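So the structure is just underneath, and the comments pick up after that.
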Amino acid sequence: MLDNFIATMSQEPHAIEQIHTKQDSIQQRMLTDSLLVKSPNFAFVHDDDLHLLFRLYDETFFQFAITGEVRRANSSLSFRMSSRLTSAGAKTLYFRRTPKGRKPSFEIAISTTLLAESFQATDQVHTVVGLPCATRIDALQRLFEHELIHLIELLVFKNSSCTAQRFKTLATNVFGHRSSHHELLRPVDRARLDFGIKVGDRVSFVFGLREHVGVVNRITKRATILVQDVSGAPYSDGKRYAKFLVPVGQLTRVAVESKVPTKAASA
């Protein structure tokens, strides 16, 4: 039972050598069995790879206790690689309220964006959950382990917070984690490193055969640029702006803005 496992792991941590042996075994099986993840710095990964990763972790660390608990809860569990996660490395969702006749469900999503932005140089090492990761598969495993602790807590306690002591104890005792944060590169970090562009910069760009000048309001997969326009939406500085979504590589930095306007509240 998963609750018995939690009670044990709260008091008896795995030896760090045992943890590393299990993690390394999972990595080697992943590289062997996955259709896409064939090298530590893989270029492609699929939802099916997360299904495989879950089966390997559930077998190796939990003796299939997680699968058993999902079934006992009459729930379903799915996995998704997400390009929309541009700040968080991963997320676990619990859908308690469902349409009539559908089971409560859980979903673990991992950011493809952060994995792609990071490890672009062969000598890069990024910290995830307080541990150094030299390759994408290292980071994928650490992110996935973090979400497994969330999943376990949600299954047993119906709530989970990585800032709470219970979570920290489980993450440390089961997987050897030292924190709940990651230092993977986000699109905003990559924009600064590769192009010298950051939020608040005044930039120029060409759109519709015209050059425009505006301020960088946000950076995700593309940069959100606010350009003064009398027909645009009102913002906190009393001016009106039109919004443009522009690839960062198409921007030219002009100057630094001291303050980024925010959208004004509706009257």
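Could you tell me which of the residues His177, His182 is modelled with pLDDT of 95 or more, of a type outside the set (S, T, N, Q) and either open to solvent by 50 Å² or more (accessible area, probe 1.4 Å) or within 14 Å of the chain's Cα centre (by Cα) (or both)?
Details: His177 fails: either open to solvent by 50 Å² or more (accessible area, probe 1.4 Å) or within 14 Å of the chain's Cα centre (by Cα) (or both).
One residue alone meets the criteria, His182.
Looking only at residues that are within 29 Å of the chain's Cα centre (by Cα) and open to solvent by 80 Å² or more (accessible area, probe 1.4 Å) in the range 197-232, which one is farthest from Ser118 (Cα to Cα)?
My answer is Arg218.
Checking the conditions here, which among Ser78, Ser10, Ser39 is open to solvent by 30 Å² or more (accessible area, probe 1.4 Å) and within 22 Å of Lys91 (Cβ to Cβ)?
Ser78
For the range 191-210, give me the residue count where each residue is touching a residue at least 24 places away in the same chain (Cβ under 8 Å) and of a type outside the set (A, V, I, L, M).
Taking the range 191-210 first, the residues touching a residue at least 24 places away in the same chain (Cβ under 8 Å) are 191, 194-197, 199-207.
Those still in the list that are of a type outside the set (A, V, I, L, M) too: 194-196, 200-202, 204-205, 207.
Total meeting the criteria: 9.
Is it the case, given these coordinates, that Ser180 is polar (S, T, N, Q) and more than 30 Å from Gln124 (Cα to Cα)?
When the stated conditions are applied, Ser180 does not pass them.
Within the range 124-168, restricting attention to residues that are among the small types (Gly, Ala, Ser) and surrounded by fewer than 20 Cβ atoms within 10 Å (Cβ to Cβ), which residue is nearest to Arg80 (Cα to Cα)?
Initial filter on the range 124-168 (among the small types (Gly, Ala, Ser)): 130, 134, 139, 160-161, 164.
Next, from what is left, pick out any that are surrounded by fewer than 20 Cβ atoms within 10 Å (Cβ to Cβ): 130, 134, 161, 164.
Working: Gly130: 24, Ala134: 23, Ser161: 21, Ala164: 26 Å.
Per the stated criteria, the residue is Ser161.
Would you check if there is a residue in the range 24-31 being of a type outside the set (Val, Ile, Thr), under 30 Å from Val188 (Cα atoms) and modelled with pLDDT of 95 or more?
Of all residues in the range 24-31, those of a type outside the set (Val, Ile, Thr) come to 24-25, 27-31.
Subset that is under 30 Å from Val188 (Cα atoms): 27.
With modelled with pLDDT of 95 or more added as a condition, the list becomes 27.
Within the range 24-31 (the criterion being of a type outside the set (Val, Ile, Thr), under 30 Å from Val188 (Cα atoms) and modelled with pLDDT of 95 or more), the answer is yes, since at least one residue qualifies.
Check Arg84 against each of (1) open to solvent by 40 Å² or more (accessible area, probe 1.4 Å); (2) at pLDDT below 95; (3) over 24 Å from Leu114 (Cβ atoms) and name the one condition it does not meet.
Answer for Arg84: the failing condition is (3).
Would you be able to tell me the number of residues in the range 55-64 that are open to solvent by 20 Å² or more (accessible area, probe 1.4 Å) and in a helix (DSSP H, G or I)?
First, pick out the residues of the range 55-64 that are open to solvent by 20 Å² or more (accessible area, probe 1.4 Å): 55, 59-60, 63-64.
Those left that are additionally in a helix (DSSP H, G or I): 55, 59-60.
Qualifying residue count, the range 55-64: 3.
Determine, yes or no, whether Lys103 is surrounded by fewer than 19 Cβ atoms within 10 Å (Cβ to Cβ) and either under 18 Å from the mean Cα position of the chain (by Cα) or among the polar types (S, T, N, Q) (or both). Reasoning before the result, please.
Values: surrounded by fewer than 19 Cβ atoms within 10 Å (Cβ to Cβ): yes; either under 18 Å from the mean Cα position of the chain (by Cα) or among the polar types (S, T, N, Q) (or both): no.
In short, no.
Tally time: how many residues in the range 76-106 are part of a loop (DSSP other than H, G, I, E, B), touching a residue at least 40 places away in the same chain (Cβ under 8 Å) and touching a Ser or Thr at 6+ places or on another chain (Cβ under 7 Å)?
3
Any residue that is under 30 Å from Phe54 (Cα atoms) and not hydroxyl-bearing (Ser, Thr, Tyr) - is there at least one of those in the range 226-241? Lay out the reasoning, then the answer.
The first filter runs over the range 226-241 and keeps only residues under 30 Å from Phe54 (Cα atoms), leaving none.
No, the range 226-241 contains no residue that is under 30 Å from Phe54 (Cα atoms) and not hydroxyl-bearing (Ser, Thr, Tyr).
Restricting attention to the range 132-190, report how many residues are in a helix (DSSP H, G or I) and within 22 Å of Gln27 (Cα to Cα).
Start the filter on the range 132-190 by keeping residues that are in a helix (DSSP H, G or I), which leaves 136-157, 165-175, 187-190.
Checking which are within 22 Å of Gln27 (Cα to Cα) leaves us with 136-152, 170-175.
So the answer is 23.
The values are calculated or read from the model by the stated rules, or taken from the named source; none is laboratory data. As the structure is a prediction and not an experimental result, all values here were calculated from the model. Every residue, glycine as well, gets a Cβ built from its backbone with ideal geometry; the counts of neighbours run over all protein chains shown. Side chains are part of the model used for accessible areas, which takes the heavy atoms of the whole protein and leaves out ligands, DNA and RNA. Shrake-Rupley method; radii C 1.70, N 1.55, O 1.52, S 1.80 Å.
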